[in-house]
Amino acid sequence: MNIKKMQPNDWEQVASIYQEGIDTGNATFETQCPPWEVWDEKHRKDCRFVAKENDKIAGWIALSGVSVRAVYSGVCEVSVYIASEFKNKGVGSLLMQALIEESERHGIWTLQAAIFPENEASIHLHEKFGFRQVGIREKIGKREGIWRDNVFLERRSKIAGIE
C-alpha cells in the first residue's frame, strides 16, 4: 500500500469511495457526492492523500478549513473514507499518519472531526491518533429529514503552533 498526494485524475475512484460512504447513511450529512470542482474548492490542496494498492485507490483523506478568519487558519476538519473492501486493513491509519505529518508541516495546529456516533470505526481511528472527544453536538443537522448528533473530536499538535 502506497500513500500518495491526491491528484485530479484520482477523482473518479475517490468519488466512488465517497459515495459508498455517503450511501451508508453514517458517514456524512451529504447525500450525493459533489463534482470535482466543488469538492476541490472546499478542500486544502496541500493536505489530501490517497492510499493505493497498484492502481486501485483503497481510501482517501483530506482537510478543509473551518473558517476564513485568520485566527482559525491553523484549524482544519478531517475527512477520511475507506473503500469497503479495504476496511480493517490499516488503510485509515496509514492515511491519518500521512495527513498529520503533512498538516503539521503546513502549520496546522488543530485537527477536528465531527462524526456520527454510529460510526464507531471512525471514532476509534481518530482516537488512536490522539483526537479527544470534546462533546456531543446534539441534533446538529438533519439527514434525510432525521435529526442527527455528531461526536466532536479534536487533536492539538505538539509541533505546530506551540510558540
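The values are calculated or read from the model by the stated rules, or taken from the named source; none is laboratory data. Quick caveat: nothing in here was measured; it's all calculated off a predicted structure. Every residue, glycine as well, gets a Cβ built from its backbone with ideal geometry; the counts of neighbours run over all protein chains shown. For accessibility, only protein heavy atoms count, side chains too; no ligands or nucleic acids. Shrake-Rupley method; radii C 1.70, N 1.55, O 1.52, S 1.80 Å.
Which count do you get for residues in the stretch 28-49 that are farther than 11 Å from VAL14 by Cβ and open to solvent by 40 Å² or more (accessible area, probe 1.4 Å)?
11
For GLY135, indicate whether it is part of a loop (DSSP other than H, G, I, E, B), over 14 Å from GLY25 (Cα atoms) and open to solvent by 20 Å² or more (accessible area, probe 1.4 Å).
Numbers: part of a loop (DSSP other than H, G, I, E, B): no; over 14 Å from GLY25 (Cα atoms): yes; open to solvent by 20 Å² or more (accessible area, probe 1.4 Å): yes.
Judged against the criteria, GLY135 is not a match.
Quick test for you: out of VAL68, VAL80, pick the one residue that is closer than 21 Å to GLU41 by Cβ, open to solvent by 40 Å² or more (accessible area, probe 1.4 Å) and of a type in the set (A, V, I, L, M). Spell out the reasoning first.
Details: VAL80 fails: open to solvent by 40 Å² or more (accessible area, probe 1.4 Å).
The unique qualifying residue is VAL68.
Name the pairs: first residue in the stretch 116-132 and part of a strand (DSSP E or B), second residue modelled with pLDDT of 95 or more and surrounded by 14 or more Cβ atoms within 10 Å (Cβ to Cβ), Cβ to Cβ under 8 Å, at least 6 apart or on different chains?
Here the result reads ARG132/LEU153; ARG132/GLU154; ARG132/ARG155, each pair linking the stretch 116-132 to a residue that is modelled with pLDDT of 95 or more and surrounded by 14 or more Cβ atoms within 10 Å (Cβ to Cβ).
With respect to the numbered conditions (1) part of a strand (DSSP E or B); (2) open to solvent by less than 40 Å² (accessible area, probe 1.4 Å); (3) not polar (S, T, N, Q), which one is the sole condition not fulfilled by ASP149?
Only one criterion in (1) part of a strand (DSSP E or B); (2) open to solvent by less than 40 Å² (accessible area, probe 1.4 Å); (3) not polar (S, T, N, Q) is unmet by ASP149, namely (2).
Output the residues belonging to the stretch 118-132 that are under 15 Å from GLY90 (Cα atoms) and in contact with a strand residue (DSSP E or B) (Cβ under 6 Å, 6 or more places away or on another chain).
SER122, ILE123, HIS126, listed by residue number.
I'm told LEU94 meets every condition in (1) part of a strand (DSSP E or B); (2) open to solvent by 20 Å² or more (accessible area, probe 1.4 Å); (3) in contact (Cβ under 8 Å) with a residue 60 or more places away in the chain except one. Can you identify the failing condition by its number?
Among (1) part of a strand (DSSP E or B); (2) open to solvent by 20 Å² or more (accessible area, probe 1.4 Å); (3) in contact (Cβ under 8 Å) with a residue 60 or more places away in the chain, the lone unmet condition for LEU94 is (1).
Do the conditions hold for GLU138, that is, is it out of contact with any helix residue (DSSP H, G or I) (no Cβ under 8 Å at 6 or more places or on another chain) and without any contact (Cβ under 8 Å) to a residue 40 or more places away in the chain?
yes
In the list ALA70, ALA27, which residue meets the criterion of being more than 21 Å from ASN150 (Cβ to Cβ) and of a type in the set (Gly, Ala, Ser)?
ALA70
Would you please name the residue that is most open to solvent (accessible area, probe 1.4 Å), looking only at residues in the stretch 105-115 that are of a type in the set (A, V, I, L, M) and assigned to a strand (DSSP E or B)?
Here the answer is ALA114.
Check ILE162, ILE140 and return the single one that is of a type in the set (Val, Ile, Thr) and out of contact with any strand residue (DSSP E or B) (no Cβ under 8 Å at 6 or more places or on another chain).
Checking each option against the conditions leaves just ILE162.
In this structure, does LYS52 turn out to be of a type in the set (Lys, Arg) and either in a loop (DSSP other than H, G, I, E, B) or open to solvent by 70 Å² or more (accessible area, probe 1.4 Å) (or both)?
no
Please go through the stretch 142-162 and pick out each residue that is small (Gly, Ala, Ser) and closer than 16 Å to LEU63 by Cβ. Write out each step before concluding.
Step one: filter the stretch 142-162 for residues small (Gly, Ala, Ser), giving 145, 157, 160-161.
The answer is SER157, ALA160, GLY161.
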